[in-house]
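I have placed the structure first, in the form of structure tokens, so that the comments after it can refer back to it.
Rule-based calculations on the coordinates, nothing more; no lab input. Computed from a predicted structure; not experimentally measured. Here the Cβ positions follow ideal geometry from the backbone for every residue, glycine too, while neighbour counts run over all protein chains shown.
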Amino acid sequence: MSTLTYLQAISSALRDELRADERVLVMGEDIGVFGGAFKVTDGFFDEFGPERVMDTPLAESGIIGTAIGAAVVGMRPVCEMQFSDFISCGFDQLVNVAGKMHYRQGLAVPITVRLPSGGGFSGGPFHSQNPEAWFMHAPGIKVVAPSTAEDAKGLLHAAIRDPNPVCYMEHKHLYRRVKGEVADGVFETPFTARVARPGSDLVVIAYGAMVHTALEATEDLDGASIEVLDLRSLVPMDEVAILESVERCSKVVIIDEANTTCAAGAEVAALIAERGFESLDGPVVRVATPDVPIPFSPPLEQAVLPSVDRVREACRELLEY
Amino acid sequence: MATNIAEASASGKATADTHLLLEDRVWLLRAMLMMRGLEERAMTLYRQGKVPGSFYDGYGQEAVSAGAAFAMGPEDRLCVLHRDLAAHLIRGVSPARVLAQYMGRATGITNGRDGNVHFGDWQLGCVGMVSMLPDMMLVATGMAMAFKLRGERRCALTWFGDGSTSRGDFHEAMNWAGVQKLPVIFILENNQYAYSTPLDKQFAVDPVERAAAYGFVGVTVDGNDAEAMFEATRAARVRVLQGDGPTLIEAVTMRMHGHAAHDDMKYVPKEQVEEWRKRDPIDRQETRLREAGVDVDALRAEIKAEIDAATADALASPMPDAATAADGVFCDGEAEPLRDGQAPWSGFRAEGAVDGDGQPAVAP
């Protein structure tokens, strides 16, 4: 076991895969000599060389498209979007070429796309987004979002070894803030949910950075027993774990850092409405970012992102229902 | 850097003679006749209501895919466009599977998952196109990137149209391949119209000129001459395998039918069609082979019989089971890479075969 930050855990998984499997290569903008905008691939260039730690042209469609080509002839590319926001420029290749390939032609596309996402840094409208729901809506793409250092490593190992396209949402706010004990070597975390804290009065369902917001908001909430369910994987979504939590707790708050409409949490709410209705003792409550671009100035940004206070308030109200 | 069509055609023909045996030249005619015959049969089936959706063909453009695909080795990989049926036939896709594909049958190449020419048999080294053009330029570039990274002596090839040169993925692929000097051959299938849009609304400068700006060779070839297409592609393959970087081949041709079955092509001047009809690629290859003493009529009869048999076979094959509509979105097993395709050119079969530069034609 080692104590690693979330960022170190991501680096560790990448390094282990590059060492273990010569089919793995990492590619992206400024990831080689410079070590990446967030230094996830710091030192990789020296260990693995320019061909397996590839500085690409500034071309997100090119990154995804060439990764698909390399994958179908036997490689295991891991693409880095410098910011998840930039995936919009590679959207077509991911959704239309990679996502539909196996269904249409029986040809697997084992690529992983790392998407540094999330706000809280005055990154503004183009460096703060949470685009995971775009890909949940596109058949053929798996979507995972770790919240802990251990899961950051295990989910990345599993993503790289998965025979399908996987969007790996890594939250920038967790990079250096979250630290934890991580097993050494390769281990794969399944694409299932995890109970971050068991409880019985109410469950808060979240993923990524919002898991920490949920834990902090409900750590001591007037003595109530609050469960926190960390989804970890959005596609596939762990329906069994969600429905079990709902059955156990009867009251549900769902948090998204993404914009509200059609966010991952909307899908969770729909699932509960369809299949967990009998277990509910109150309305399903959602806390999410309103449908606005993420603003730059701190008071504006803090006003839209789900805060500890907003989550606490939402839980209190629902507990009193 | 670009040569004019007449020069390319003349030099292509002269050089091609040294690389094509008579049996190869017959193969080229066969592939073109089979493509045209299958597409004509599919059009009949379409009119009979047996082909759902719309129908797209490559009438008049058969030489582009036949000539280029014929120069590709078994380990090379192809991303095939919708007017390039001959490439699939050369790689080994059977006529019955093609017709079953058009009709959405369970035995088609995509098992009814996708329609018309949106297919590629991965077990024959081909990836099918998507409708967002030219997305496959980047996929082919990525294949070439992997070949170079692994030190393999193979290349990737893809086709795209004149309209595709306007989209960003054209630039991203050309630039990427040029920067990394990748073993990829880009074939610009210039058939004069992108749906109804003529060339002068698509670009201000002939796109073959752009190759130089990306740092590699661009050549213009008579796209209605299968042997010239073969030779230009063969020569490009030698260059890319030597590590000289990509080649852009502009195949100048004409789309003789509408964009799809519903398109009456009113926007195309009649004289333009008539002018191009005189340059039909099949007529040209037939004339050559008749002069060489080949019994072309017998070949035509043989192909017609094959198409008749394929039609019966395809019509007898089942529609997909509706209960399977949601199957196969994800791969549940091992990701298996593309497999090798058929490569009928005699240059790959001959003992100690070389592909023009003294190296084995096929990587060991």
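Please state the charge dipole magnitude for the protein assembly as shown, taken about the Cα centre, from unit charges on C-beta atoms (+1 on K and R, -1 on D and E), reported in debye and rounded to the nearest 20.
On the way: 63 positive and 98 negative charges, 222 e Å.
Around 1060 debye, computed over the protein assembly as shown.
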key: ³J(HN,Hα) computed for each position of region B:188-198 - Karplus, 6.51 cos²θ - 1.76 cosθ + 1.60, integer Hz, glycine/proline x   = 7, 8, 7, 9, 6, 9, 9, 6, 9, 8, x
task = Kindly give Rg over Rh for chain A, based on alpha-carbon atoms, with the Kirkwood expression for the hydrodynamic radius.
result = 0.97
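If we count every other residue with Cβ under 11 angstrom of B:PHE186's Cβ, Lys/Arg +1 and Asp/Glu -1, where does the sum land?
Details: positive: B:ARG210; negative: B:GLU189, B:GLU250.
Every neighbour counted, the sum reads -1.
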query = Under a GNM of chain B (C-alpha, springs under 10 Å), which listed residue has the highest mean-square fluctuation: B:ASP84, B:ASP200, B:ASP308?
reply = B:ASP200
request  = Starting at the first residue of region B:257-274, write each ³J(HN,Hα) from the Karplus equation 6.51 cos²θ - 1.76 cosθ + 1.60 with θ = phi - 60°, in whole Hz, x for Gly and Pro.
outcome  = 10, x, 3, 8, 4, 7, 9, 8, 6, 4, 7, 9, x, 4, 4, 5, 5, 5
query = Given a cut-off of under 8 Å on Cα pairs at least six residues apart, what relative contact order in percent is computed for chain B?
reply = 26 percent
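Where nothing but the Cβ of Lys and Arg (+1) and of Asp and Glu (-1) is charged, how large is the charge dipole of region B:74-201 around its Cα centre, in debye to the nearest 20? Working shown, then result.
On the way: 13 positive and 12 negative charges, 65 e Å.
It works out to roughly 320 debye.
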note = For the pair B:ALA301 and A:SER88, the simple spin-label estimate (label points 7 Å beyond Cα toward Cβ) gives in nm 6.5 nm
query = What is the extension gain from B:SER166 to B:ALA326, computed as 0.36 nm multiplied by their sequence separation minus the C-alpha to C-alpha distance, in nm to one decimal?
reply = 54.1 nm
ask   = So what is the relative contact order of chain A, in percent, for Cα pairs below 8 Å that sit 6 or more residues apart?
value = 17 percent
key: Cross-link reach list, aspartates and glutamates versus B:LYS50, counting only Cα pairs under 20 Å and skipping chain neighbours closer than eight places   = B:GLU39, B:GLU40, B:ASP114, B:ASP263, B:GLU306, B:ASP308, B:ASP313, B:ASP321
ask   = Over the Cα atoms of chain B, how large are the radius of gyration and the largest Cα-Cα distance (Dmax), in Å?
value = 19.4, 57
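I'd like to know how region B:255-312 sits against the 2.2 N^0.38 Å rule of thumb: what's its Cα Rg over that expected value? Let's see the in-between values first.
Numbers: Rg = 15.7 Å, N = 58, 2.2 N^0.38 = 10.3 Å.
The value comes to 1.52.
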remark   = When the charge dipole of region A:204-321 is computed with +1 on Lys and Arg Cβ and -1 on Asp and Glu Cβ about the Cα centre, the Cα farthest towards its positive end, among A:ILE205, A:ASN259, A:LEU234, belongs to A:ASN259
ask   = Where in region B:320-337 does the label zone of B:ALA106 land, with the point 7 angstrom along Cα→C-beta and an amide N cut-off under 16 Å?
value = B:320-328
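Provide the percentage of antiparallel DSSP beta bridges, counting only those with both residues in the protein assembly as shown; round to the nearest 5. Present the calculation step by step, with values, prior to reporting the outcome.
On the way: 12 of 68 bridges.
Antiparallel: roughly 20 percent of the beta bridges in the protein assembly as shown.
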query = R0 = 51 Å: FRET efficiency of A:LEU319 with A:PHE34, Cβ-based, nearest 0.05?
reply = 0.55
ask   = Across the residues of A:92-105, average count of Cβ atoms on other protein chains within 10 Å?
value = 6
request  = Just name one of A:ALA149, A:ILE63, A:GLY276: the one whose Cα is farthest towards the positive end of the charge dipole of chain A (beta-carbon charges, Lys/Arg +1, Asp/Glu -1).
outcome  = A:ILE63
request  = Per residue of A:53-62, count partner chain C-beta atoms within 10 Å of its C-beta, then hand back the mean as an integer.
outcome  = 5
task = Take region A:200-298, compute every pairwise Cα distance, and split them into 10 Å bins from 0; I just need the percent in each bin.
result = 16, 50, 28, 6, 0
query = Residues with beta-carbon under 15 Å from that of B:PRO52, excluding B:PRO52: net charge, scoring Lys, Arg +1 and Asp, Glu -1?
reply = +3
task = Could you give me the radius of gyration and the Dmax of region A:1-141, taking only the C-alpha atoms into account and expressing both in angstrom?
result = 15.0, 44
query = Along the charge dipole of the protein assembly as shown, which of A:VAL109, B:ALA343, A:VAL26 sits closest to the positive end, that is, farthest toward it, with unit charges on the beta carbon of Lys, Arg, Asp and Glu (+1, +1, -1, -1)?
reply = B:ALA343
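Beyond 22 Å, what share of the Cα-Cα pairs of region B:91-218 remains, rounded to the nearest whole percent?
Numbers: 3631 of 8128 pairs.
Counting every Cα pair in region B:91-218, those more than 22 Å apart make up 45 percent.
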Relative counts (whole %) of C-alpha pair distances in the protein assembly as shown, using bins that are 20 Å wide = 18, 45, 28, 9, 1
ask   = Is there a simple number for the mean count of other chain Cβ atoms within 10 Å of the Cβ of residues in B:128-141, and what is it?
value = 5
request  = Determine which residues of region B:209-234 fall in the zone a paramagnetic label at B:ASP244 would reach in this model, i.e. backbone nitrogen under 17 Å from the point 7 Å along Cα→Cβ.
outcome  = B:211-221, B:229-234
request  = Using only Cα atoms, figure out Rg for region B:187-341 and give it as a multiple of 2.2 N^0.38 Å.
outcome  = 1.42
task = Return an integer: the convex hull volume of the alpha-carbon atoms of region A:75-199, in Å³ per residue.
result = 130 Å³
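With r defined as the distance between the Cβ atoms of B:THR287 and B:LYS181 and R0 fixed at 41 Å, what FRET efficiency is calculated, to the nearest 0.05?
0.55
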message = Can you compute the label reach from A:THR261? Point 7 Å from Cα along the Cβ direction, backbone N cut-off under 19 Å, restricted to region A:284-315.
response = A:286-295, A:304-306
query = What residues qualify as long-range amide H neighbours of A:LEU234, i.e. H under 5 Å apart, gap of 5 or more or another chain, H built at 1.01 Å from N?
reply = A:VAL143, A:VAL144, A:ALA145
Solvent-free Debye scattering, log10 I(q)/I(0), computed from the Cα coordinates of region B:157-268 at q = 0.12, 0.22 Å⁻¹ = -0.42, -1.19
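Restricting things to alpha carbons, find the Rg to Rh ratio for region A:79-138 using the Kirkwood radius for Rh.
On the way: Rg = 13.0 Å, Rh = 12.5 Å.
When Rh is taken as the Kirkwood radius, the ratio is 1.04.
Between B:ALA316 and B:ARG47, what's the calculated FRET efficiency when r is the beta-carbon distance and R0 is 22 Å? Round to 0.05. The partial results should precede the final answer.
Values: r = 20 Å, r/R0 = 0.91.
Computed FRET efficiency for B:ALA316 and B:ARG47 comes out at 0.65.
With N denoting the number of residues in region B:298-354, provide Rg(C-alpha) divided by 2.2 N^0.38 Å, to two decimal places.
Details: Rg = 19.5 Å, N = 57, 2.2 N^0.38 = 10.2 Å.
So the Cα radius of gyration is 1.91 times the expected 2.2 N^0.38 Å.
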ask   = In nanometres, what is the gap between the two model label sites at A:ARG275 and B:ARG150, each 7 Å from Cα along Cα-to-Cβ?
value = 3.9 nm
query = Where Lys and Arg each count +1 and Asp and Glu each count -1, what net charge lies around B:PHE170 among other residues with Cβ under 12 Å from its Cβ?
reply = -2
